[in-house]
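Worksheet: the structure to be examined is printed underneath.
Every number in this text was worked out from the coordinates using simple rules, so none of it is lab data. If you're wondering where the values come from, they're calculated on a predicted model, not measured in any experiment. A quick note on method: Cβ atoms are made from the backbone with ideal geometry, for glycine too, and the neighbour counts reach across all protein chains shown.
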Ligand code: PGA
């Protein structure tokens, strides 16, 4: 089973979400080869929950507060997301790490809050261009993963998907080669093995994200160490998303 996580970022108002989902539901047939997950803005969750009822498509959010409760004006808690029908949440996206200064400690707290509230987690990790150019991908992935997963029990990894997202590939149209993605995903599995177990490293779900589109999906559909894709820009065009899904389903 492959996982396709669509990250809509700060796009689609609630009425645009309704329009998009009505078209998606008319054209997409639930599949036993692909789990489709839609990570929508908070304001779109209510309409999406209503429309996705009785379908196998999972509803996701793009962030969660790092505290369970308290004085956090403007934040959304894990319990609120759960009650809104959300199944999983993206944590540690590079846009949040950079622009909103989310560090590994906050990311670790967010993961714990999400899991405690029965939410799955998509944990994003990935190196910058400078790290890539100086061959530090391995070190960066190791550091991010060890810090983010600190204090977790092995069985909690069942509810975590790791998204390998090199920062330099996000929204740029540039991607690593299939070999490089495989190497990075293998590194991720090694880190899981060192910190948890061989079994956990085999079972952990990993997806690749960064400039996946209809033109390049073919070259990545047979990656050896990953289980799917996180798709940003390409999901905004429904026809492109459907085409990518159909390639992955084959
Ligand atoms: P992209 O975004 O597919 O537009 O590169 C991926 C992401 O931000 O997760």
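Could you work out how far apart the two model spin labels at residue 46 and residue 103 are, taking each label as a point 7 Å from the Cα in the direction of the beta carbon, and quote it in nm?
Placing both labels 7 Å beyond Cα along the Cβ direction yields 3.7 nm.
Relative to a virtual label point 7 Å from the Cα of residue 216 in the Cα→beta-carbon direction, which members of region 128-172 show backbone nitrogen distances below 19 Å?
128-138, 163-172
Provide the FRET efficiency to the nearest 0.05 for the residue 18-residue 247 pair, computing r from the beta carbons and using R0 = 25 Å.
The formula returns an efficiency of 0.35 here.
For region 73-115, how big is the tail of P(r) above 14 Å, as a whole percent of Cα pairs?
Of all Cα-Cα distances in region 73-115, 51 percent exceed 14 Å.
Assuming R0 = 30 Å, can you tell me the calculated FRET efficiency for the pair residue 180 and residue 236, based on Cβ-Cβ distance, to the nearest 0.05?
That gives a FRET efficiency of 0.70.
Suppose R0 equals 45 Å; then what is the FRET efficiency for residue 10 and residue 146 from their Cβ-Cβ distance, rounded to the nearest 0.05? If you can, show how the numbers build up before the last one.
Details: r = 30 Å, r/R0 = 0.67.
Calculated value: 0.90.
Let me know the volume per residue of the alpha-carbon convex hull for region 139-199, in Å³.
96
Short version: what are the Cα gyration tensor semi-axes of region 103-165, square root of 5 times each eigenvalue, largest first, in whole Å?
Details: eigenvalues 114, 21, 19 Å².
Rounded to whole Å, the semi-axes are 24, 10, 10.
Along the Cα-to-Cβ line of residue 158, 7 Å from the Cα, sits a label point; which residues in region 194-230 have backbone N less than 20 Å from it?
Once the point is set 7 Å along Cα→Cβ of residue 158, 195-207, 227 turn out to lie under 20 Å by backbone N, inside region 194-230.
Quickly work out the residue 27-to-residue 194 label distance, labels modelled 7 Å from Cα along the C-beta direction, and quote it in nm with one decimal.
4.4
Between residue 225 and residue 138, 0.36 nm times their residue separation minus their Cα-Cα distance comes to what?
Numbers: separation 87, 0.36 × 87 = 31.32 nm, distance 1.53 nm.
Stretched fully, the residue 225-residue 138 segment lengthens by 29.8 nm.
What Kirkwood hydrodynamic radius do you get for the chain when you take the inverse of the mean 1/r over all pairs of distinct Cα atoms, in Å?
After inverting the pairwise mean of 1/r, the radius is 18.2 Å.
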